[in-house]
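Contents: one structure, followed by commentary.
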Amino acid sequence: MYLMKTILRRLVGAVQDSKGSPVLGHMKTILRLLSVSLALGLCGCGAGYTFTPWTGPQDNWTTGPGGYVRTVDNVPIFAPQQYPPKPYFVLGAVVTDNEAKVAKAVRQQHGDAAIISVESVRRTGSVVWAAPGVYGVTPVTHTTITANVIKYK
């Protein structure tokens with residue numbers, strides 16, 4: 001019986017801090033703070049792109065008979081120098097780092113498609129890795145995509 005009481009005292013002591021306060025009593029506070037932190041982290045993500053509305057005249061924008069077009073999340077994205085086959089309005093420009101965010105911008109700005117103006121990849125650093133007998137350097141890059149969000153007439 002004495003051995004069992006000793007083990008229980010050690011277990012209770014293990015779940016107390018240095019002042020003798022029970023750690024499990026603070027668990028509710030920790031869980032509350034964790035849930036608030038997660039909520040703030042998820043809500044603070046933002047759109048993931050920068051949108052600038054077009055304010056100039058809506059001229060007869062260039063159209064084409066066909067061209068290279070990728071569909072991302074059911075949104076057509078025309079490659080640089082490729083134009084839609086029918087007339088359109090330019091809603092604005094979006095700058096982001098991937099085509100999925102371009103498609104998201106098209107949907108959120110109530111557009112029908114996007115025309116990529118510029119897509120650039122620049123090297124921002126390197127990661128050096130090694131294993132027994134081999135080593136390598138992997139470049140770290142950052143992609144920037146600028147696209148026009150369009151709405152068909």
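A simple charge model with +1 on the Cβ of Lys and Arg, -1 on the Cβ of Asp and Glu and nothing else charged puts the dipole of segment 50-152 at about 80 debye relative to its Cα centre.
By its C-alpha gyration tensor, with a ≥ b ≥ c as the square roots of the eigenvalues, how is segment 50-152 shaped: rounded for a/c under 1.5, else prolate for a/b larger than b/c, else oblate? In terms of gyration-tensor shape, prolate. Extension gain, T55-V121: 0.36 nm per intervening residue step, less the Cα-Cα distance, totals 20.9 nm. Here the extension length gained between T144 and W129 equals 2.8 nm, from 0.36 nm per residue of separation less the Cα-Cα distance. For Y88, the residues 5 or more places off, or on other chains, whose built amide H falls under 5 Å of its own are W61, K153.
Every number here is computed from the coordinates shown, using simple stated rules; none is lab data. All of these numbers come straight from a predicted model, not from anything done at the bench. Cβ coordinates were reconstructed from backbone atoms using ideal geometry, including for glycine residues, and neighbour counts include every protein chain displayed.
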